[in-house]
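A short write-up of the structure that comes next.
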């Protein structure tokens with residue numbers, strides 16, 4: 001098997017149905033591994049009934065997202081690991097675009113938001129390390145097995161920000177993160193403003209862990225503030241609360 005698609009999921013039934021439908025169009029060059037974090041909304045039961053028809057490997061593992069990602073890696077047979085989130089769908093030409101760039105050690109693709117909510121066009125808050133952006137999320141992100149074997153798996157002490165940590169270790173080891181905007185997934189963002197703020201709080205915890213481990217400080221995204229000053233300002237405020245008072249788990 002050349003390429004492993006690795007997905008962690010917990011309580012995301014409707015979105016994961018869309019993801020599996022989009023993955024069903026992939027060729028036999030791909031294997032799909034789904035690790036469920038003990039869902040309680042029927043996600044795991046759905047995956048159990050679907051796995052034979054859609055031909056994917058299904059497992060369960062408790063713990064944070066880093067733990068789930070590492071379980072995916074342990075079960076994978078491919079030479080390339082592609083990390084996807086459960087609330088995404090790959091584009092119809094994703095496979096062709098991906099294969100044009102899959103010779104890279106690390107490949108980050110584009111994430112297009114599928115939402116009319118005002119906050120759906122907010123971009124990431126970048127962190128630069130050695131002049132490189134290390135905030136590419138572990139969604140539409142490919143790492144070669146050789147890279148993972150060299151730098152290690154996700155740090156399971158990170159309940160958020162584990163992808164930033166992995167990217168930093170890759171840069172430290174001399175690798176480049178190649179970005180290809182033609183490798184596209186659609187993302188279904190959070191449906192309520194309160195969930196956006198909860199995510200910002202969680203992100204703040206991850207940024208504190210990054211600061212503690214590497215001495216890297218986050219800033220803010222000026223473009224976001226210009227587009228949506230109130231929304232981005234509140235996101236920053238909740239992120240700071242998580243940074244100052246949140247507990248890693």
Handout entry: Count of the range 186-207 residues which are touching a strand residue (DSSP E or B) at 6+ places or on another chain (Cβ under 9 Å) and either farther than 22 Å from residue 235 by Cβ or modelled with pLDDT of 85 or more (or both)
Key = 3
Completion exercise
Condition set crowded, with 21+ Cβ neighbours inside 10 Å, in a loop (DSSP other than H, G, I, E, B) and touching a helix residue (DSSP H, G or I) at 6+ places or on another chain (Cβ under 6 Å), scope the range 140-185, selection modelled with the lowest pLDDT: answer is 160
Problem - Flag if residue 202 is within 20 Å of residue 242 (Cβ to Cβ), assigned to a helix (DSSP H, G or I), touching a helix residue (DSSP H, G or I) at 6+ places or on another chain (Cβ under 7 Å) and in contact (Cβ under 8 Å) with a residue 40 or more places away in the chain - result: yes
Problem - Pair list, Cβ under 6 Å, 6 or more apart: the range 58-74 residue closer than 14 Å to residue 162 by Cα, other residue surrounded by fewer than 17 Cβ atoms within 10 Å (Cβ to Cβ) and modelled with pLDDT of 95 or more - result: 66/156; 67/156
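Within the range 22-131, which strands (runs of 3 or more DSSP E) (wholly inside it) include 2 or more residues that are at pLDDT 95 or above and crowded, with 19+ Cβ neighbours inside 10 Å?
Strands (runs of 3 or more DSSP E) meeting the threshold: 30-36, 80-85, 88-90, 106-113.
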Completion exercise
residue 219 fails exactly one of (1) at pLDDT 90 or above; (2) over 19 Å from the mean Cα position of the chain (by Cα); (3) outside any helix (DSSP H, G or I), namely (1)
Exercise for the section: Check residue 16 against each of (1) touching a residue at least 60 places away in the same chain (Cβ under 8 Å); (2) part of a loop (DSSP other than H, G, I, E, B) and name the one condition it does not meet. Expected result: (2)
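The values are calculated or read from the model by the stated rules, or taken from the named source; none is laboratory data. For clarity, every value in this text was computed on a predicted model and none was experimentally measured. Virtual Cβ from ideal backbone geometry, glycine too; neighbours counted across all protein chains shown.
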